[in-house]
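Visitor: Below is the structure I would like to discuss, written out as structure tokens.
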Amino acid sequence: MIEYYTFKHRGDALDFSDEVFLRLVPNLTVALFFGSNLKIAPKSQALLFSEILNSEEGCKSIEYLSSVFDECLDEESEYLILRVLKNGVECYRRGGVFAKIVKDGQIHVLPNGFFGLNVGDSIVCATSNFYKYLTDEGILADALVSGSCSDWMNMLIRRISDQCQLKCGNLSAVTLKLNE
Amino acid sequence: MYDFDLLPDDTVFALYVALVLFAIAFVSFVAISLYTLIKMTVYSKKHEDKLKLTPDVAFFHERGKRGNQEDSVYISPLEKIEDSGLVAACSDGMGGLLNGEVVSKYVTDSLKENYPFKFDAQADNAKIISGISDKVYEDFHLSAGATLVMVHISDDLLNFYSLGDSNIILIRNNRATLLNNKQNYASIMIKKFSEGGIDTVDAYKDPRARGLTDFVGNFKCNVQMTSKPMKLRDNDIIIVGSDGVTDSMPLNRIAGHIHSDQNAPGIARMIKYGVKSSKNPRQDNYSAIIIKMRRSIV
């Protein structure tokens, strides 16, 4: 069973220009768009991003989706698509949005492509603005200590808050845990 | 100037022979040294994973400006590391309450009694700590309490347990990270503020921010623990200490104060003098156990 928790915060910016997209069926799909880093029309790009994902209804492959994004979105767009499959996760990222996986007491950046998952593995997907205030060791420790995805997220937010009191740009993240 | 023509032929011959022998010996020495160095490097690279990570341990335990010592530390017997791992704990008696030193000492003594702990039985170990807390509650009914941070290291794996706001710090690649989350009201306020979409400046200004939401002495306390162990690396430094250390020496200053090639006693000395040199007029008791991980054949 996959458990997830999303977090969106405007920070000290006027608007929330990122986009966090979630689809539960047929497979859990998580998509993050780092709009706050775009100089031109971030809102419309974020909207276009979620419209493309809405229209595909979870049936298109990640490669196909990424080619559509490359065609339709601004060339400086930064995004991540992650799809949880039966025995693993498929991931595609571009720019400063990435996923980190906690596995066997260690943390790694999730590479583009397919990656096998086991029970107990945890994944955090976030923009580089979210990671800016965190260390890998802190993310790892919180993943190992927390009992749920919301606990994990709250611990990460406490770490970010300790450094900037959330007076930073947009913060967008999703935590996922694979439970029995 | 020397004129070798004046020397007898035998002596000149002997000198030449000595020179040739010296040259051979020198070349052999260089060749053997290089060969050994290359072999050792290749061997340690090849067997890096098989070589054990062993902890080098040191501690300091200082009173600061306080009249009494309310911190208490426990380090498990070093000769039992191979069988039962290393357990290091620090308990800090809660300021403003009576019997702080009694409770913190009771906590570390109880840990000593319960040693050895099973490494993979994190929930059972947390239950032991919770039991110690319940006992303190029965004796003092919230009129006394203490914090507790404890690490359990077995080979290259680390489990940790925490109650309250003491510190477990990991220094890796010259960067310090607090591993445990502080169980205080600030955490609750930060959660509320972030969910409400506002910044958290006021959470830190609140006079209750540093008040503990859980501690040893609370009934049925919630022990923070790793459900799975964390993998340690060569040259990792773990600091298990009271907040008296970090109040005077923030994390980035600790990391900047020590060198990666120092051993545990050297690091302990540097941090101790770092706290002392901050000359905090209200310096709390400050204690810490320093553990430096080193890969070794032994």
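Visitor: Consider residue A:133 against the criteria (1) in a strand (DSSP E or B); (2) of a type in the set (Phe, Trp, Tyr); (3) closer than 25 Å to residue B:238 by Cα: it satisfies all of them except one. Which criterion is unmet?
Guide: Exception for residue A:133: condition (1).
Visitor: Let me ask something else about it. Return only the number of the condition from (1) farther than 27 Å from residue A:8 by Cα; (2) open to solvent by less than 50 Å² (accessible area, probe 1.4 Å); (3) assigned to a loop (DSSP other than H, G, I, E, B); (4) within 13 Å of chain A (Cβ to nearest Cβ) that residue B:221 does not satisfy.
Guide: If we test residue B:221 against (1) farther than 27 Å from residue A:8 by Cα; (2) open to solvent by less than 50 Å² (accessible area, probe 1.4 Å); (3) assigned to a loop (DSSP other than H, G, I, E, B); (4) within 13 Å of chain A (Cβ to nearest Cβ), just (4) comes out false.
Visitor: With the checklist (1) in contact with a strand residue (DSSP E or B) (Cβ under 6 Å, 6 or more places away or on another chain); (2) open to solvent by less than 40 Å² (accessible area, probe 1.4 Å); (3) within 25 Å of residue B:233 (Cβ to Cβ); (4) more than 8 Å from chain B (Cβ to nearest Cβ) in hand, flag the one item residue A:174 doesn't pass.
Guide: (3)
Visitor: Please find, within segment A:122-152, the residue that is farthest from residue A:29 (Cα to Cα) out of those that are within 10 Å of chain B (Cβ to nearest Cβ) and out of contact with any helix residue (DSSP H, G or I) (no Cβ under 9 Å at 6 or more places or on another chain).
Guide: Filtering first and then ranking leaves A:137.
Visitor: Could you check how many residues of segment A:81-111 are touching a residue at least 12 places away in the same chain (Cβ under 8 Å), assigned to a loop (DSSP other than H, G, I, E, B) and either of a type in the set (Asp, Glu) or closer than 18 Å to residue A:27 by Cα (or both)?
Guide: Adding up the residues that qualify gives 2.
Visitor: Out of all the residues in segment A:126-152, which are under 24 Å from residue B:173 (Cβ atoms), in contact (Cβ under 8 Å) with a residue 40 or more places away in the chain and surrounded by 17 or more Cβ atoms within 10 Å (Cβ to Cβ)?
Guide: A:126, A:127, A:129, A:130, A:143, A:144, A:152
Visitor: What strands (runs of 3 or more DSSP E) completely inside segment A:1-59 contain at least 2 residues that are within 16 Å of residue A:93 (Cα to Cα) and at pLDDT 85 or above?
Guide: So the answer is A:19-23, A:29-33.
Visitor: For segment B:166-176, check the following and say yes or no: at least one residue is more than 9 Å from every other protein chain (Cβ to nearest Cβ), in contact with a helix residue (DSSP H, G or I) (Cβ under 9 Å, 6 or more places away or on another chain) and not in a strand (DSSP E or B).
Guide: Yes - at least one qualifying residue is present in segment B:166-176.
Visitor: If the requirement is being at pLDDT 95 or above, of a type outside the set (D, E, K, R) and either within 22 Å of residue B:186 (Cα to Cα) or open to solvent by 10 Å² or more (accessible area, probe 1.4 Å) (or both), which of these qualifies: B:241, B:197, B:256, B:211?
Guide: One residue alone meets the criteria, B:241.
The values are calculated or read from the model by the stated rules, or taken from the named source; none is laboratory data. Values in this document were obtained by computation on a predicted structure and should not be read as measured data. Methodologically, a virtual Cβ is constructed for each residue, glycine included, from the backbone with ideal geometry; neighbour enumeration extends over all protein chains shown. Just so you know, the surface numbers come from the protein's heavy atoms only, side chains and all, with ligands and any DNA or RNA stripped out. Shrake-Rupley method; radii C 1.70, N 1.55, O 1.52, S 1.80 Å.
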